[in-house]
Amino acid sequence: MLTYAIRRLVLSVPTLLFISFVIFMLLQLAPGDPMAQVPLTVPPEVKQKMREALGVGEPALVQYWKWLVQVFWTEPKVFIDWLTRDSFLLGWLPDTNLYQGELRVISWQTRSPVMDIVLQRIPQTLWVVGLSYVVGVLIALPIGIYSAYRQYSTFDQAGTFVTMVGFSIPPFFTGPLLIVIFSVYLGWFPSIYDTTHVVNDWESFKYQLSQMIMPVMVLALQTTAQLSRYMRASMLDNLNQDYVRTARAKGLSEAVVVMVHVLRNSMIPVITVIALGVPAIFGGAIITENVFKVNGIGQLLITALFANDLPMVMTLTFIFAFLIVMFNLIADILYGLLDPRIRYD
Amino acid sequence: MTDSPQDDLILAEGARVAPIEALKDKGPMAPPRSKWRDVWEQFRKHKGAMMGAFFLFFITFGVLIGPYLWTLDPQALDIRNKDMRPIYTALWNSEAKVGWNHPLGSDQLGRDNLSQLIAGGRASMAVGWAAMLLSLLIGTGVGVMAGYFKKLDGPLMRLTDLFLSLPILPLLLVAVTLFRQPLRANFGPEGGMFILIVTVVGITSWMPTARIVRGDVLAIKEREFVLAARSIGTQPFKIIKRHLLPNVLSPIMVSATLGLATAIITESALSFLGVGFPSDFPTWGKMLADAVARMEDFPERVLLPGVAISLTVLGVNYLGDGLRDALDPRIRGR
């Protein structure tokens, strides 16, 4: 298992390098010019110098190499410095001072390091998207278990219909629909997510809850729809197995049979699906963040795209790809750990 | 003359022996049933799938002949009749601005909502079908190649894994925003966008089909009839065409329905984010996105395209569900 994990980890390095190269070359083909917004009165030779200052003048491969060095060498140094200086966990260690003022990945929009902006945006995304994923999983699992246990019952039929609907209605429709119903007609929840809101007492906590509930539910509906179908199918596979009959025959209570014997075996594929869904949620949240004006990573990508901010787009897309590759790896390893029948070596 | 030569022989000899009673057929045997008839019988039992298929048919038919029945130009501005409400609003609000000249109302520029819906449906369905066909073509091609030719299996499956680990929606957005200008210059604003969206959706959604097809081809390749075909010297491509493709048709059909649903949703999402078709060209996603700013006063402008997208996708998904059941020989006939 360990050798398998190490082999996969080593293999993921060329994969990620290749993906980053593909994204970089795709962006190189972009017709956009970072100097398009500069006034026409600026003379061309000054524009050319500004372009070179942004690092655009060099050949594509040199630019790619510089980006690689910045992301894989300079940024980790900054991160380690931060860990040993400011972080709570490792702050007692002596300051490492690895970062000596080298050039980091700079956003063309704000002229500040891309990673700093990403770190500012991550908490919002994690709160809304991460919470919605947890809520979705918590709703999906009981629905899946019960509708498999009572297959073809009214609950199962209704559950199948609801998951089908959740599967089919895109978030850019459920979002505005919820806003119309709950913000406009009923006036219960605010339609815009206020990121500057600080929770310090009970009232502000209630407000935070009310502004989070709609984006979280929109995203959770999607998660629930997918996961409860997997859960149901996986439970159905296991409910007819011989070991279930054996468990019942030796007089175990129904609750123990279903919740311990069947559930533990059915969870194996479901857990890998849950792991695989984590990075997809980051990508899929682009639309929901846009609808509810949550200024998370997805919204950052959209604004960077429209502003032709190539370093930002490049770094963000690479972060998404990194998450996908890592969670694929985690899912495979989890599968091997949970299911002793699976041996990779 | 009777049916078989043996009987003729017996008749000719003139000594007809009565068959033993237990061996005689009791009545005419049921005629052999074709596979597709069985599939259809099973499919008909799935009510959701029937309704989904009917609705998909209805929508496709509606957007195809709709412009001939409701001839109003979706892009024509009728500024005197702007912001009209749908005709059913008159049921509870007698002061609402309604009229039979715009049965579903008109938008803030006076464009007719019904003809916009029809035109938008045309765009969405065209993109959906084309992107689905493209992704099926790539997926089946890669899957069959990887499954049949051992040498290609490794590289092609690595390629599939690589595509699966690409962040799809961000890349779609990147590709669409980056290549909009050159394609527009070459193929016109609408044609360029159509080619671009179909290509990027097709290129980024073929991986599940390829995986399923490869798995099935790997299993079928080892069966005796393929061995027999190979032993009489059939060329590999003939084997693929005659023996493998018909046998992997069912998973391809199921993933085709899923692909159609994904393509429609992706196109609408791109339009919703403002990177889709040009602003005067109606699609369902664009209508929805334009209406969000005014949804407090005119909720129907969000609801109509939203419901159209959702119902179409719901219908396609149910159709896929029913097809999966009907095409699975283990479930069929139970």
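Determine if the stretch B:288-295 includes at least one residue that is crowded, with 22+ Cβ neighbours inside 10 Å and touching a residue at least 40 places away in the same chain (Cβ under 8 Å). So far as the stretch B:288-295 goes, yes, one or more of its residues are crowded, with 22+ Cβ neighbours inside 10 Å and touching a residue at least 40 places away in the same chain (Cβ under 8 Å).
So which of B:I265, B:I232, B:I212 ends up being at pLDDT 85 or above, among the hydrophobic types (A, V, I, L, M, F, W, C) and closer than 24 Å to B:V39 by Cβ? Outline the logic, then answer.
Details: B:I265 fails: closer than 24 Å to B:V39 by Cβ; B:I232 fails: closer than 24 Å to B:V39 by Cβ.
Answer to the selection: B:I212.
Among the residues of the stretch A:252-272, at least one is over 25 Å from the mean Cα position of the chain (by Cα), not charged (D, E, K, R) and not in a helix (DSSP H, G or I).
Scanning the stretch B:298-326 for residues being farther than 23 Å from B:T257 by Cβ and in contact (Cβ under 8 Å) with a residue 12 or more places away in the chain gives a total of 5. One residue alone among A:I139, A:I179, A:I143 is among the β-branched types (V, I, T), at pLDDT below 85 and in the same structural domain as A:V262 (by TED's automatic domain parsing), and that residue is A:I179.
With the condition kept exactly as written, say whether any residue in the stretch A:122-132 is among the small types (G, A, S) and modelled with pLDDT under 80. Within the stretch A:122-132 (the criterion being among the small types (G, A, S) and modelled with pLDDT under 80), the answer is no, since none of the residues qualifies.
With a cut-off of at least 1 residues that are among the β-branched types (V, I, T), within 14 Å of the chain's Cα centre (by Cα) and over 29 Å from A:E289 (Cβ atoms), name the helices (runs of 4 or more DSSP H) lying wholly within the stretch B:224-275.
Numbers: elements: B:224-231, B:236-239, B:249-272.
Where helices (runs of 4 or more DSSP H) fall fully within the stretch B:224-275 and carry at least 1 residues being among the β-branched types (V, I, T), within 14 Å of the chain's Cα centre (by Cα) and over 29 Å from A:E289 (Cβ atoms), they are B:249-272.
Among the residues of the stretch B:148-162, is there at least one that is open to solvent by 40 Å² or more (accessible area, probe 1.4 Å), more than 11 Å from chain A (Cβ to nearest Cβ) and either among the aromatic types (F, W, Y) or in contact with a strand residue (DSSP E or B) (Cβ under 7 Å, 6 or more places away or on another chain) (or both)? Show your work before the answer.
Our first condition is that a residue be open to solvent by 40 Å² or more (accessible area, probe 1.4 Å); within the stretch B:148-162, this holds for B:149-152, B:155, B:158-159, B:161.
Subset that is more than 11 Å from chain A (Cβ to nearest Cβ): B:149-152, B:155.
Right, trim to either among the aromatic types (F, W, Y) or in contact with a strand residue (DSSP E or B) (Cβ under 7 Å, 6 or more places away or on another chain) (or both) and you get B:149.
Within the stretch B:148-162 (the criterion being open to solvent by 40 Å² or more (accessible area, probe 1.4 Å), more than 11 Å from chain A (Cβ to nearest Cβ) and either among the aromatic types (F, W, Y) or in contact with a strand residue (DSSP E or B) (Cβ under 7 Å, 6 or more places away or on another chain) (or both)), the answer is yes, since at least one residue qualifies.
Where helices (runs of 4 or more DSSP H) fall entirely within the stretch B:2-76, those with at least 3 residues that are at pLDDT 80 or above and under 26 Å from the mean Cα position of the chain (by Cα) are at B:35-45, B:47-69.
Filtering the stretch B:260-285 down to residues that are away from chain A (no Cβ under 11 Å) and open to solvent by less than 20 Å² (accessible area, probe 1.4 Å), which residue is farthest from B:V316 (Cα to Cα)?
Here is the first cut: in the stretch B:260-285, the residues away from chain A (no Cβ under 11 Å) are B:260, B:263, B:276-283.
Of the ones still in play, those that are also open to solvent by less than 20 Å² (accessible area, probe 1.4 Å) are B:260, B:263, B:276-278, B:282-283.
Values: B:L260: 7, B:A263: 11, B:G276: 22, B:F277: 23, B:P278: 27, B:P282: 22, B:T283: 19 Å.
Here the answer is B:P278.
With respect to B:V217, determine if the residue is modelled with pLDDT under 85, open to solvent by less than 60 Å² (accessible area, probe 1.4 Å), more than 30 Å from A:M25 (Cβ to Cβ) and away from chain A (no Cβ under 14 Å). No, not satisfied. Return a yes/no flag: does the stretch B:117-131 have any residue that is touching a Gly at 6+ places or on another chain (Cβ under 8 Å), without any contact (Cβ under 8 Å) to a residue 24 or more places away in the chain and within 14 Å of chain A (Cβ to nearest Cβ). Checking the stretch B:117-131: not a single residue is touching a Gly at 6+ places or on another chain (Cβ under 8 Å), without any contact (Cβ under 8 Å) to a residue 24 or more places away in the chain and within 14 Å of chain A (Cβ to nearest Cβ). Take the conditions (1) closer than 16 Å to B:L173 by Cα; (2) more than 7 Å from chain A (Cβ to nearest Cβ); (3) crowded, with 21+ Cβ neighbours inside 10 Å; B:R301 misses just one of them, which is (1). Under the condition of being exposed (fewer than 14 other Cβ atoms within 10 Å of the Cβ) and more than 24 Å from B:W129 (Cα to Cα), the residues counted in the stretch B:48-72 number 1.
The C-beta contact set for the stretch A:246-271 (first residue more than 30 Å from A:N328 (Cα to Cα), second residue surrounded by fewer than 16 Cβ atoms within 10 Å (Cβ to Cβ), distance under 6 angstrom, 6+ apart or interchain) comprises A:V257/A:R248.
Would you call A:V42 open to solvent by less than 70 Å² (accessible area, probe 1.4 Å) and either farther than 30 Å from A:M326 by Cα or modelled with pLDDT of 80 or more (or both)? Here the answer is yes, as A:V42 does meet what is asked. Beta carbons closer than 7 Å, at least 6 apart along the sequence or on distinct chains, pair a first residue in the stretch B:232-247 that is farther than 13 Å from B:F149 by Cβ with a second that is aromatic (F, W, Y) for B:H243/B:F225.
The values are calculated or read from the model by the stated rules, or taken from the named source; none is laboratory data. Everything numeric here is computed off the predicted structure, so don't read it as measured data. Neighbour counts are summed over all protein chains in view; Cβ atoms, including those assigned to glycine, are modelled from backbone coordinates with ideal geometry. The area values use the complete protein model at the heavy-atom level, side chains included, leaving out ligands, DNA and RNA. Shrake-Rupley method; radii C 1.70, N 1.55, O 1.52, S 1.80 Å.
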